[in-house]
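Following: one structure in structure tokens, then a few remarks.
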Amino acid sequence: METDQERVKRLRKKSMSLPLRPGVYLMKDKSGGIIYVGKAKALKNRVSSYFGSHYNHTAKVIRMVENVQDFDYIVTDSEFEALVLECSLIKQHSPKYNILLKDDKGYHYVKITKGAWPRIDAAMQLVDDGSEYIGPYTSSFAVRQTVEQAQKIFRLPQCNKTFPVTHKQRPCLNYHISQCSAPCAGKISQADYKRSVEHAVDFLKGGSAVMIKQMQSEMEQAAENLDFEKAAVLRDRIAAITKFGEKQKVVSADVAEQDVFALAHSQDKACLAVLRFFGGRLCDTEHFIFDAPEDSDYARYELLMSYYSMRERVPPRILIDSLPQDSELIAQWLSEKLGKKVSFAVPQRGGQLKLLEMCRSNASEKLALSLGRKGKDTAALDELARLLGLDSPPEYIESYDISHTAGTENVAGMIVFKNGQPYKAAYKRFKIKGFDGQDDCASMAEVLERRFRHYLEENEKPEGEKRDEGFARLPDLILLDGAQMQVNAVRAVLLRLGIDVPLYGMVKDSSHRTRAVTGEGGEISINSKRSAFTLVSTIQEEVHRFAIEYHRKRRSAGISTSLTGISGVGKKRAAALMKHFKSLTAIKEASVEELCAANGVDSRTAQVVYDHFHGTEE
């Protein structure tokens, strides 16, 4: 029986005999099934790298190599030929370790039922039920959008009621906002209703331009016949069609035909969103959920190859949030499919950037939905990761702040944000123990050292022993309420303890509002990144609140202790004095008469308190 070490040694020896030429390699498992297909500029270098040290390999590659029993290869004349062959083989074999998009595209139809009160709706398949079907269409998005427009423009019911109804009902909200003619309430005759459906079908078949021209002619004819009621209805429908056309311009593109791609991912899952524009308008939208990739640029390469392998239409321009690996080769492959040049663009400003942001927002929303989270939280974490150059969104963030009064009652607060929301079960409080006085850098260094020494201790506990949830795991990101000096002090602590976690400080402006984060590379402005800015600002406000709340609690306890040390002053009188004067300084400066104003403090007690602070107490 061959051991794993012998297997890897055998495969490495075989890979070293490969030629230094372009080609495609096929990794196979013990049953001979193909589990991964890849291309290479030099087969020997690429394939042998799998069977050397695992130091530079991702977890996914390590898992794949563990299952490789043998491999095969095909030599090509160029790397481009290798790409085309790779694409064909992936489509043919659907290997387990390649990123594969599941194509759920089917044919879609617009369905018009028969009968006295026909209905218009979207349908996923043809059924022999006597209804009329318009189609097929490949885009469910386009079908749903068009049917919804027709229903609203021609005031057709969007509910599930069956007509005619046995008795008149109260019309629903759609009637009151002029989006339904309310046949359920007898607000429209059967003949007029059928004419509305006929107009809607003409609109669906001929498009808005043809429909507007036809209705304008009918409106003018009705006006000549003095049928002003009919003319008014037609006028309103023309206005509604025009209004929907204006709405569609909100998601129009400066470029007539292009696709927009954006990737959003958490630590476990990822989502690729696609917006497709044709004739300058959004004509389709798609999204795909898959396991989170460990190399985003290579993932984009695989995703684009997979997507255009299952889609016939290729646009001349592709917007994407980051260029994929081998983007020039992919562009060449797509250009040959289209028959003319295809180019990639990563927009930085203007309307094209807005389209990309809209696509990215869609990816975040769909990903959040699949994970059972809020879209805005997923979008904020994704944006923060891109801003800070993190490999993946920081789902578990720890933040720290120091609070004191002129160096007294020096404390710190640690808060946790999990998946973009406060996770109060993991909050921690620290009393500075290493020194007296004011030194925020030393305080921050002490707190972080204590926190991560707790982490090391928790992870040394025997299996099955209960661990402290707030200390037992490493965060994905540390945010300090402070500038570069605090960051430098804490970085030295992390290096000494061998803790590798991204570390940044949160910098405030002159109005004490968050304006930037600071790390090894200097300050990074976040004001223009709306989602990330809101998240970081919220974290900074929360950690400040938590730290200062703890400081005030300790300070009040300290003041209460100093008052209860006075003869005749117990906890109730100490609390009454603090409630009345608000601070120990105000109590010290008060006269005997003013002290008597506090609830429960008589003249004798007031005199004792006064003498205590003015040095006349015996």
The residue that is surrounded by the fewest Cβ atoms within 10 Å (Cβ to Cβ), considering only those in the stretch 459-489 that are touching a residue at least 60 places away in the same chain (Cβ under 8 Å) and under 17 Å from residue 442 (Cβ atoms), is 482
Being within 22 Å of residue 34 (Cα to Cα) and surrounded by 13 or more Cβ atoms within 10 Å (Cβ to Cβ) narrows 134, 120, 112, 90 down to just 90
TODO: Return yes when residue 31 is in a loop (DSSP other than H, G, I, E, B) and either under 21 Å from residue 308 (Cα atoms) or modelled with pLDDT under 95 (or both) and no when it is not.
DONE: yes
Apart from one, (1) within 18 Å of residue 110 (Cβ to Cβ); (2) at pLDDT below 75; (3) assigned to a loop (DSSP other than H, G, I, E, B); (4) not small (Gly, Ala, Ser) all hold for residue 156; the odd one out is (2)
Subset of the stretch 65-110, residues in a helix (DSSP H, G or I), out of contact with any Leu (no Cβ under 6 Å at 6 or more places or on another chain) and hydrophobic (A, V, I, L, M, F, W, C), comes to 65, 82, 84, 85, 87, 89, 90
Expected single match for touching a Leu at 6+ places or on another chain (Cβ under 9 Å), at pLDDT below 80 and part of a helix (DSSP H, G or I) among 179, 248, 216 is 248
Filtering the stretch 111-128 down to residues that are aliphatic (A, V, I, L, M) and assigned to a loop (DSSP other than H, G, I, E, B) yields 116, 124, 126, 127
Checked pairs for the stretch 598-618, first under 12 Å from residue 566 (Cα atoms) and assigned to a loop (DSSP other than H, G, I, E, B), second among the aromatic types (Phe, Trp, Tyr) and modelled with pLDDT of 80 or more, C-beta under 6 Å and 6 or more apart or across chains, list as none
If we keep only residues of the stretch 495-533 that are part of a helix (DSSP H, G or I) and over 29 Å from the mean Cα position of the chain (by Cα), then the residue nearest to residue 360 (Cα to Cα) is 495
In the stretch 383-418, anything within 20 Å of residue 544 (Cα to Cα) and of a type in the set (S, T, N, Q) is listed as 399, 403, 405, 408, 410
Within the stretch 367-376, residues being buried (at least 21 other Cβ atoms within 10 Å of the Cβ) and touching a residue at least 60 places away in the same chain (Cβ under 8 Å) number 1
Just one listed residue, out of 358, 310, is surrounded by fewer than 19 Cβ atoms within 10 Å (Cβ to Cβ), at pLDDT below 90, farther than 24 Å from residue 94 by Cα and over 10 Å from the mean Cα position of the chain (by Cα), and it is 358
Per the list (1) farther than 19 Å from residue 256 by Cα; (2) exposed (fewer than 15 other Cβ atoms within 10 Å of the Cβ), residue check on residue 350 breaks on (1)
Scan the stretch 450-467 and tell me whether some residue there is within 27 Å of the chain's Cα centre (by Cα) and under 22 Å from residue 388 (Cβ atoms). no
**Asked** Just to be sure, is residue 541 at pLDDT 75 or above and not assigned by TED's automatic domain parsing to the domain that holds residue 608?
**Response** yes
How many residues of the stretch 349-374 are outside any helix (DSSP H, G or I) and over 17 Å from residue 530 (Cα atoms)? The answer is 2
Of the candidates 390, 381, the one satisfying the condition of being in a loop (DSSP other than H, G, I, E, B) and in contact (Cβ under 8 Å) with a residue 24 or more places away in the chain is 390
Residue set 423, 400, 396; condition surrounded by 16 or more Cβ atoms within 10 Å (Cβ to Cβ) and in contact with a Lys or Arg (Cβ under 6 Å, 6 or more places away or on another chain); output residue 396
So, first residue in the same structural domain as residue 53 (by TED's automatic domain parsing) in the stretch 1-14, second residue among the β-branched types (Val, Ile, Thr) and in a loop (DSSP other than H, G, I, E, B), Cβ within less than 7 Å, six or more apart or across chains; the pairs are 11/68
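This table checks each residue for (1) touching a helix residue (DSSP H, G or I) at 6+ places or on another chain (Cβ under 6 Å); (2) assigned by TED's automatic domain parsing to the domain that holds residue 359; (3) in a loop (DSSP other than H, G, I, E, B).
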{"position": "294", "(1), (2), (3)": "yes, yes, yes"}
{"position": "298", "(1), (2), (3)": "no, yes, no"}
{"position": "322", "(1), (2), (3)": "no, yes, yes"}
{"position": "347", "(1), (2), (3)": "yes, yes, yes"}
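The values are calculated or read from the model by the stated rules, or taken from the named source; none is laboratory data. These numbers come from a predicted model, not from an experiment. FYI the Cβ positions are ideal-geometry reconstructions off the backbone, even for glycines, and counts take in every protein chain you see.
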